[in-house]
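To keep things clear, I will list the structure first and then write my remarks on it.
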Amino acid sequence: MLLAGVLVQLGQQVVYQFRSKDLLTVPTVDVACARVTVYYDQLDMCWEDFATRPVKHILALLPCLQTCRTDNCSCPSWHPKPDQPNDALLDVFRRQFFNDAGRPVKWDRASHFAVMIRYVKSMEQTVLAMSGTKGVFIEPKTEDALKPSPEFQVIWLPQLDFASVTHKARCEVHCIGIARSGQRFGLRVPLAHFPEVFASVKPDAVYLAPGSRSTYHCGPWPYGSDRKMLARVLKASGWDCRPLQPLHGVPGGLMWAVQAVVAPATNVLSLSHGQVVITAQDTKPTAADHDATVVGPAQTVKMCLTDHAADPWLSDDPWRKATASIAGPPAAPPASSALQEMEERLEQSILAKLPTTTCMEVDSQDQRLQQLEQQFQHLAQRQTTLEATVTDHHVQSTAQVQSLQQQMLVQMDMQSKQMQTMLTDQMSRIETILAKKPRTE
């Protein structure tokens with residue numbers, strides 16, 4: 001078994017892990033990992049034919065990962081040397097079809113196919129340069145394939161289509177490939193050239209250095225302000241940040257959400273329209289570390305992970321016979337007697353320091369208690385009287401409100417009858433006036 005644990009040394013002898021002198025060395029090479037995605041809308045072949053052998057078709061589009069063993073050959077394939085691995089592609093895993101929402105589906109309902117590959121590090125630049133060719137997009141990952149590679153950054157251009165992004169990629173010297181996420185396209189550049197390319201591609205945007213980004217709330221800002229104005233003002237104050245969106249209104253203007261890599265130098269800015277307060281957004285508590293994984297047979301791991309009411313080593317100690325034959329140190333006095341003696345000594349010292357109370361002090365305390373009790377009873381009586389008065393007022397006000405409601409209902413009924421009578425009278429008069437009179441000749 002392989003267990004992760006802590007060793008507690010109880011004796012004086014040094015305990016260390018045994019290591020053999022003749023250790024075997026595992027030959028390794030520097031590797032790179034990437035996520036290869038093929039999109040249905042940009043593929044130049046039948047999607048059904050591609051779904052039968054997706055990895056084979058991807059390798060056909062990436063000749064740099066194929067191996068050529070011909071001597072003195074100038075093709076773009078991998079030509080292994082004696083001190084290099086035989087194949088440039090070392091591992092292929094996590095093959096899956098996805099829909100637009102990123103959920104795994106069958107090939108006939110999928111919008112793209114993704115697979116993880118691990119290959120020789122020396123071919124990384126060549127492989128990434130093929131991103132954006134015939135619907136194939138390559139995203140570099142860390143060696144464990146869990147996070148994006150920190151060596152590269154993507155400048156997203158959501159307003160441009162694929163043709164425009166391809167044109168910009170050809171114009172930028174440091175662009176090594178085209179990135180895609182859903183319907184967004186961008187330029188992938190090395191981390192060292194990211195500020196330069198960002199300023200060239202997005203001259204009006206706010207540049208944020210790569211790193212852990214935090215969200216802040218700042219305001220109030222005038223209602224007529226926009227992102228560019230806020231970014232220009234905050235940059236002039238000495239804080240590089242990117243305004244995201246307005247949040248809600250407060251007295252004096254709007255609160256805005258702002259993203260930044262470093263904290264502001266000051267939390268209060270004095271501007272022409274007033275003061276602007278910057279506060280960090282509440283961060284969620286970090287999750288507890290997961291328990292270390294135990295590697296071993298299933299039965300042994302199950303036995304170790306079972307919760308025992310008592311320590312199993314107390315009943316089944318393999319060293320019990322050996323320790324029984326060794327004379328141990330003399331038994332120490334029980335802890336209960338030592339604790340009892342300590343309690344008695346503390347009690348005696350505390351009683352010796354307490355002052356002696358006289359009869360006069362006891363009498364004065366009794367009188368004060370009686371006075372307090374009388375005052376409390378008086379307050380209780382007044383409270384009862386006040387509650388009765390409030391109840392009477394409530395009953396009287398309720399009766400008055402009910403009588404007023406009845407009077408209002410009677411008056412409204414009378415008024416409605418009078419209005420009905422007047423309207424009927426008027427209608428009869430109008431009908432009489434408009435009635436056709438007989439002609440007399």
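The values are calculated or read from the model by the stated rules, or taken from the named source; none is laboratory data. This one's a predicted model, so the numbers in the text were calculated from it and none came from an experiment. Using ideal geometry, Cβ is built from the backbone for each residue, glycine included, and neighbour counts are taken over all protein chains shown.
For P243, the stated conditions do not hold, so it cannot be described as in contact with a His (Cβ under 7 Å, 6 or more places away or on another chain) and either within 16 Å of T279 (Cα to Cα) or assigned by TED's automatic domain parsing to the domain that holds S270 (or both). Taken over segment 161-213, the criterion of being of a type in the set (D, E), in contact with a strand residue (DSSP E or B) (Cβ under 8 Å, 6 or more places away or on another chain) and part of a helix (DSSP H, G or I) is satisfied by no residue. Of the residues examined, C64 is one that is touching a residue at least 40 places away in the same chain (Cβ under 8 Å) and in contact with a helix residue (DSSP H, G or I) (Cβ under 6 Å, 6 or more places away or on another chain). Quick check: is even one residue across segment 104-112 surrounded by 13 or more Cβ atoms within 10 Å (Cβ to Cβ) and in contact with a Pro (Cβ under 7 Å, 6 or more places away or on another chain)? Among the residues of segment 104-112, not one is surrounded by 13 or more Cβ atoms within 10 Å (Cβ to Cβ) and in contact with a Pro (Cβ under 7 Å, 6 or more places away or on another chain), which makes the answer no.
Among residues belonging to segment 268-290 that are in contact with a strand residue (DSSP E or B) (Cβ under 7 Å, 6 or more places away or on another chain) and closer than 18 Å to R213 by Cβ, point out the one that is modelled with the lowest pLDDT. Only one residue fits best here, namely Q281. Of all residue pairs spaced 6 or more apart or on separate chains, those with beta-carbon atoms under 9 Å, a first member in segment 195-209 that is without any contact (Cβ under 8 Å) to a residue 12 or more places away in the chain and a second member that is part of a loop (DSSP other than H, G, I, E, B) and of a type in the set (S, T, Y) are A199/Y207.
If only residues of segment 208-217 that are at negative phi and exposed (fewer than 15 other Cβ atoms within 10 Å of the Cβ) are counted, the one that is farthest from the chain's Cα centre (by Cα) is A209.
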